[in-house]
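*Asks:* One structure coming up, written as structure tokens, with questions to follow.
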Amino acid sequence: MPLADSFQRVVDSLPDDWTDLELDLRIFDERRYVDVAVLLVTCNAQPYSKHDWHWRLLVAHRFGHAAAAPVVSVALKLLDDAGIEGELALREVRTGRVEVTQMWGRPESVRQEFKKLRAQ
């Protein structure tokens with residue numbers, strides 16, 4: 001199965017309140033490692049050293065310090081288009097987190113409303 005399709009299947013299986021996830025990526029032909037590294041630079045893939053898996057991908061849903069899901073999807077599509085085969089493994093999913101913003105001077109009702117809207 002193409003990597004982009006595998007990723008989309010993972011994202012589609014998640015509840016709507018997921019905030020971020022971690023995926024591991026392994027390529028089957030290690031001679032293409034440098035080619036893959038160049039194509040994954042847009043989604044800030046973290047290489048493993050001395051590990052069975054090659055990269056860790058951090059993906060954010062609506063906010064956070066990770067690559068957006070559409071960016072990861074495009075990067076994996078580039079790998080598919082280049083004929084690079086591999087596999088993805090879902091390692092961790094976090095749900096229900098809320099974006100933190102400066103709320104000084106705002107009433108508690110505004111804070112609760114913001115929290116409710118961002119948790120959806």
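The values are calculated or read from the model by the stated rules, or taken from the named source; none is laboratory data. Predicted model only: the values in this text are computed from it and were never measured. All Cβ positions, even for glycine, are placed from backbone atoms using ideal geometry, and neighbour counts span all protein chains on display.
*Asks:* Using beta carbons and a limit of 8 Å, which pairs, at least six apart or on different chains, have the first residue in the range 95-111 and loosely packed, with under 10 Cβ neighbours inside 10 Å and at pLDDT below 85 and the second one outside any loop (DSSP other than H, G, I, E, B) and not charged (D, E, K, R)?
*Replies:* Matching pairs, first to second residue: G96/T19.
*Asks:* Further question: Could you check the range 61-72 and list, in sequence order, the residues that are under 12 Å from L23 (Cα atoms) and surrounded by fewer than 19 Cβ atoms within 10 Å (Cβ to Cβ)?
*Replies:* none
*Asks:* OK, next. Does any residue of the range 47-58 turn out to be outside any loop (DSSP other than H, G, I, E, B), more than 25 Å from T101 (Cα to Cα) and under 11 Å from the mean Cα position of the chain (by Cα)?
*Replies:* For the range 47-58, residues outside any loop (DSSP other than H, G, I, E, B), more than 25 Å from T101 (Cα to Cα) and under 11 Å from the mean Cα position of the chain (by Cα): present.
*Asks:* With respect to the numbered conditions (1) closer than 19 Å to L14 by Cα; (2) among the hydroxyl-bearing types (S, T, Y); (3) in a loop (DSSP other than H, G, I, E, B), which one is the sole condition not fulfilled by S73?
*Replies:* Just one mismatch for S73, condition (3).
*Asks:* Then there's this: Going through R9, R26 one at a time, which residue ends up being part of a strand (DSSP E or B) and at pLDDT 90 or above? Outline the logic, then answer.
*Replies:* Numbers: R9 fails: part of a strand (DSSP E or B).
Residue meeting the stated conditions: R26.
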